[in-house]
Each structure stands twice: as structure tokens, then as C-alpha cells.
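Okay, so here's the structure we're looking at.
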């Protein structure tokens, strides 16, 4: 095997993809992740790269190359390239025993904080993939003071109410409201199911969870309802109705965007994979 560090451009990536023989099908989400990462300028040369077998066929790196092939022609990066790799001995073990590092692992933070940062990153990226540690890191730094304050006030965990959407809603409310004590007390009452201290709107939300009308998996709806409940002006409402979560999500994006300095880069274009001439090729999507 021979290893080099080589300059790779979208044109070179397209040429190398013609040598893509016998690999697994492209995973669209994986391509989107790399495409967003490269597009935001987060790529750095590392020990991971591209590999070709003894016959010059591509063995490893098809997702990276597909993502690079969709970048503007002026993009270039230096990537580790392995050549003359034994397909018989190396290919069977590629990506079969690896344990990917989570965002929490890379940033060396707790899982709970990582989940809230990733959730707000999802909102900021408008639901698109590619929420890398580099992308989430400034979001985590921005929300950490309120996160720590909320966890110190109520460290108890409870399914649904300790989930990332609920905590994210509480943190954004703390960022934008003067009545932080009210927000923390609402969060505590939900987590502890303390109905005696709940205002009417909080009871309505808690009952919706007990009845199975909401849960931790109903992410946008749960987040939007919690944003409404954490607002002190809604304390006496008897119902928590959100006809359309989109305006609430847009508000949340604007709050995060204003809080981050420098502002986040625009989200990369989506990528879709289409069949053409009997082969799978990635094409830019709207």
C-alpha cells in the first residue's frame, strides 16, 4: 500500500467516481452530511480519506467524493489517498468494526447538553443533515449558561420533559424573557409532575402527555407547544393549541442566529441521488 496527500477538486472527484466499482449503494444522508460539512468550510485533512485497490478501482471514499463532486468548481482540499490496497484482505473489514464518535464525544460534553445543541442545530439548518461537531460547537457555547442554570435548578430526569425539544424551548424562553424564575418553575413542575404548582396552561400540556397526545417523538409539535407554555403571558390559557409549528420554528431559528457571533454560514443545498444510465449519480437538489 502507498499513501499520499493529494489535491482533490470537484472535477477530480467526478473522474475518480468513474472508478467506483463494487461498492455499497450510496447513502443519501451520508452524502448530504459531507456536502454540508465541505460547503461550510469545516473540512480538515485527517487520516481518513480515499482508497483504491490494486486495479485502480475505488474501494473507499465514495460518499466524500460524491459530495465534493457537487461543490462549486473553485473548491479544493488536500485528502489522504491510499493506493494498491488489497481488495481481498482489506475491503471485507472496511467500516465493519468502527464506533463513530458522537458530537458529545468530540466536544467532550455531556449527552444532555449535546442533544439540546444538536436539536437547535437542526432548527438552524432548517432540518437538513450535516450537523457536525464544528457546526454544533458554537451553539453549545451559546446555550450552555442557561442549560447549566436550568439543570442546577432541576436536575431530575423524566421521559418527555427531559427531552431536547422541551429543554431547548425552556432555554430559548430564558434567553428572550425577563421572568427566568417562572420558566424554571414551569420546567420543574413538568419534570416532577407537580400538578399543585402548575398554572392552567401547564396542566393542559401535562395532561396532553398523559393522554398520549404528545410525546418526546413528536418533536416539532412538542417544541412549539412548550415555547407557548414557557411564555408567562400564556399562564392562564386552558388549552395548548399550535395549528402550525412553522412560525415557532422560524422564531427559534432567528433567536439562535442572533445569538451566534459570527453568524452561521447559510445551509448547504440539499443533495439527492438519482439513477441515470444504469448508475447511481448524485445531483444537486433545490
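Any read-out appearing in this document is the output of simple, stated calculations on the displayed coordinates, not a laboratory observation. Please read all numbers here as calculations on a predicted model, not as lab measurements. Don't worry about glycine lacking a Cβ; one is built from the backbone with ideal geometry, like all the others, and counts go over all protein chains shown.
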The range 2-98: relative contact order in percent, alpha carbon pairs under 8 Å with at least 6 residues between: 44 percent
Apply 1/(1 + (r/R0)^6) to the Cβ-Cβ distance of residue 144 and residue 195, taking R0 = 25 Å, and write down the FRET efficiency to the nearest 0.05. 0.20
Can you tell which of 180, 192, 213 shows the greatest fluctuation in a Gaussian network model of the chain with Cα springs below 10 Å? 213
Inter-label distance, nm, simple model (7 Å from Cα along the C-beta direction), residue 177/residue 241: 2.2 nm
Compute the distribution of all C-alpha to C-alpha distances in the chain, in bins of 10 Å from 0, and list the percent of pairs in each, rounded to whole numbers. 6, 25, 27, 19, 14, 8, 2, 0
Give the distance, in whole Å, between the Cα centre of the range 175-220 and the Cα centre of the range 221-257. 12 Å
For n ≥ 4 DSSP H runs only, could you compute -39500 (n - 2.57) per run for the chain, divide by its residues and tell me the 222 nm figure to the nearest 500? -14000 deg cm²/dmol
Considering the chain as a Gaussian network with a 10 Å cut-off on Cα pairs, which listed residue, 164, 224, 246, attains the greatest mean-square fluctuation? 246
For the chain the mean separation of alpha carbon contacts under 8 Å (6+ apart) over residue count, i.e. relative contact order in percent, is 19 percent
Residue among 168, 245, 125 with the largest mean-square fluctuation in a Gaussian network model of the chain, springs linking Cα atoms under 10 Å: 245
